[in-house]
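See below for the structure under consideration.
The values are calculated or read from the model by the stated rules, or taken from the named source; none is laboratory data. Everything numeric here is computed off the predicted structure, so don't read it as measured data. Here the Cβ is made from the backbone with ideal geometry for all residues, glycine too, and neighbour counts use every protein chain on show.
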Amino acid sequence: MGCSLMPEIKVDAVVNLAGTGKPNFPVSPTHSGGSALSTLNTYSYTSSGTEPSSPKNGAIWWDSSNNKVKVYIDGGFKEISLNTDYPAGSPPYLGSRGFNIGGTGATNTIQYFDISAGSGNASDFGDLLLNYYDAAAVSNGSRIVLGGGYSNNSPAEVKNVIQYWASATTGNATDFGDLTVARHHLTAAGDATRGIWAAGRNSSNLKTNIMDYVTLASAGNATDFGDRTINGADYISSTNDATYSVFGGGEQKVPPSGGTFTGYTNTLDYVTTQTAANATDFGDRTIVTYDTAQGVIADATRGLFVGGYIASSPYATNVIDYITIASPGNATDFGDLDAARAGVSTTSDGTTGVMMGGFDFPSSSGDHDKIQKVTIQTAANATDFGNLVSTSVGYYNGSGASGAAS
């Protein structure tokens, strides 16, 4: 009588008849689906300074240029955090070293400080390629990458330049490549492998809805990502987690090629960072504003938006609000800065959010070198952290970022 059950065979090892080595099969064994057994294990390992080509899910890459371990999952390499100086539970694209970059009507100064210390003043780190303000920076945890901006060097103009430096080594910036379109008053967000620059004002003084991106570990020119939901805007802000990048606020004109000024906006929209496509509506900020903070304040779940200009007196706001990045919806009030302020630079280490500089409007106490802080998971007003190098260097319309200190 026949048996319809498939027998199960468990084998720990297969050897040749002599028991001294591997067997030599005249025909390659297959599994029940008909494919060769060799196809079952898709694991691969690469050690190189550039991303491996044609990886499969589960492929491991030692990124020797940045000393990072990455695994290929669902169409992209994701960083694995090992022994780093990042706070426990923080995203691997952040770090304990904070940066204030450019600003003040155009300066080439890069400043840095230790976020994890809880307080302290900034120090000089190095120089940008030229004087810059209204640029935007993003980080993969070890490399800070700055794109766009306006330079007052001859010729004074809007730039498409992307530049970068290693966060752990003091020194000057190096050329990385170019954005797809020169623009300033833009913003940036990303994850451990990809940086996205969104919107801004181009060299014809027109607002755009452009988004473009780079692989942060590989110097080169940016590639088109898609378009924002708003036809044209500049002076916008951003935040991100490991999956989504969120953009919001700004000053609008419709259409982007010209048209009538339509005021400021509280609109937030978002993209999946590893999937090039147009943005999707996320919700609204608690206030309608532009020239909000530049640089990501976020942890693994929550992102903050800080300050900015508003349409009525006193024409600036001290409001800090927050979103849960993985859950589209409207922002919630978080707390306040010490004063109403626009043009602030911001960054975080995944636990502490840091706000740098800015401009009071009306200018009751002038331009600020103050550094303030909040704990991202604790809604409250900002408290004092320290000071920038000076009020004449990088206090206004610079950019913030963070990375590892070693």
Checklist entry - Can you find even one residue in the stretch 143-150 that is at negative phi, over 19 Å from the mean Cα position of the chain (by Cα) and surrounded by fewer than 23 Cβ atoms within 10 Å (Cβ to Cβ)? => result no
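Name the residues in the stretch 219-242 that are of a type in the set (Ser, Thr, Tyr), farther than 21 Å from Asn160 by Cα and modelled with pLDDT under 95, would you? Steps first, answer last, please.
Filtering the stretch 219-242 for residues of a type in the set (Ser, Thr, Tyr) gives 223, 229, 235, 237-239.
With farther than 21 Å from Asn160 by Cα added as a condition, the list becomes 229, 239.
Thr229 - this is the single residue of the stretch 219-242 that is of a type in the set (Ser, Thr, Tyr), farther than 21 Å from Asn160 by Cα and modelled with pLDDT under 95.
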Checklist entry - What is the one condition in (1) modelled with pLDDT of 85 or more; (2) under 17 Å from Asp134 (Cα atoms); (3) not hydroxyl-bearing (Ser, Thr, Tyr) that Leu216 does not satisfy? => result (2)
Item to check | the stretch 106-150, residues that are within 26 Å of Asp234 (Cβ to Cβ), touching a Phe, Trp or Tyr at 6+ places or on another chain (Cβ under 6 Å) and not in a strand (DSSP E or B) | outcome: Ala106, Asp134, Asn140, Gly149
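Working only within the stretch 151-187, note down all residues that are over 20 Å from Phe247 (Cβ atoms) and either of a type in the set (Phe, Trp, Tyr) or part of a strand (DSSP E or B) (or both).
Start the filter on the stretch 151-187 by keeping residues that are over 20 Å from Phe247 (Cβ atoms), which leaves 151-157, 159, 161, 163-178.
Result: Ser151, Glu157, Val161, Gln163, Tyr164, Trp165, Ala166, Thr174, Asp175, Phe176, Gly177, Asp178.
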Checklist entry - Filtering the stretch 32-78 down to residues that are in contact with a Phe, Trp or Tyr (Cβ under 7 Å, 6 or more places away or on another chain) and polar (S, T, N, Q), which residue is modelled with the highest pLDDT? => result Thr46
Item to check | Matching residues, the stretch 113-136, being farther than 16 Å from Leu388 by Cβ and either among the small types (Gly, Ala, Ser) or not assigned by TED's automatic domain parsing to the domain that holds Asn240 (or both) | outcome: Ser116, Gly118, Ala135, Ala136
Checklist entry - Which of (1) over 28 Å from Lys78 (Cα atoms); (2) touching a strand residue (DSSP E or B) at 6+ places or on another chain (Cβ under 8 Å); (3) touching a residue at least 24 places away in the same chain (Cβ under 8 Å) does Gly283 not meet, given it meets every other one? => result (1)
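Hey, can you tell me all the residues within the stretch 292-310 that are assigned to a loop (DSSP other than H, G, I, E, B), farther than 17 Å from Tyr93 by Cβ and modelled with pLDDT of 90 or more?
In the first step, residues of the stretch 292-310 are kept if they are assigned to a loop (DSSP other than H, G, I, E, B); the result is 292-293, 295-296, 299-301, 310.
Retained after the next criterion (residues that are farther than 17 Å from Tyr93 by Cβ): 292-293, 310.
Hit for the stretch 292-310 is Ala293, nothing else.
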